[in-house]
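Below you'll find the structure, written out as structure tokens, and then a few comments.
Any read-out appearing in this document is the output of simple, stated calculations on the displayed coordinates, not a laboratory observation. Just so it is clear, the model here is predicted, and its values are computed rather than measured. Counting neighbours? That spans all protein chains shown, and the Cβs are built from the backbone with ideal geometry, glycine included.
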Amino acid sequence: MSLFAAALRKTGLSHVEASAFLSEQTNRHVSLDTIKNMANGRSHVHADVWSTLRELHAKMVDACEEALELITEKQPEDVELFEDGSRASEWPSLRVYENVLAMVALEGDFDIAN
């Protein structure tokens, strides 16, 4: 395992999703093979790739903090977390979105309704 692979897991990006997302965000083609090589530690991870992953992670943390603030201001049962994925289009993938929801659930001090 590499640090890059751990960063992908932390964000929730699969190799395929990382290839598409990083290609779009860095304005250069980052192939699936390159993603796999970086994840296995066989290829160097460029600074712009790290920067892009840092920005995604910061967006995830910000979204989590905003959701927790909203929950604190209101009653938790009054807050819709959109577990149906209806707001997932704001994120690189459904899994990234689900990771944000999980961050809210794990960091909040409230009952989780299933």
Open item on the list: As an exercise, use a Förster radius of 25 Å and the Cβ-Cβ distance of Ala58 and Asp33 to find the FRET efficiency, rounded to the nearest 0.05.
Closed with: 0.35
Task: Per-residue ³J(HN,Hα) for region 88-97, Karplus 6.51 cos²θ - 1.76 cosθ + 1.60, θ = phi - 60°, Hz, x for Gly and Pro - done: 5, 5, 7, 10, x, 7, 4, 5, 4, 4
Task: the chain: calculated mean residue ellipticity at 222 nm from DSSP helix runs of at least 4, using -39500 (n - 2.57) - done: -20000 deg cm²/dmol
Task: Within the chain, longest stretch free of exposed GluC sites (Glu not before Pro) [DSSP loop, at most 16 other beta carbons within 10 Å] - done: 1-79
- [ ] May I ask you to give the average projected area over all directions of the convex hull of the Cα atoms of the chain, in nm² rounded to one decimal?
- [x] 7.5
- [ ] Place a +1 charge on the Cβ of each Lys and Arg in the chain and a -1 charge on the Cβ of each Asp and Glu, then give the dipole magnitude about the Cα centre in debye, rounded to the nearest 20.
- [x] 1020
Task: 3J(HN,Hα) from dihedral phi, region 15-28, Karplus parametrisation 6.51/-1.76/1.60, rounded to Hz, x for glycine, proline - done: 4, 5, 5, 4, 4, 5, 5, 5, 4, 5, 6, 9, 6, 8
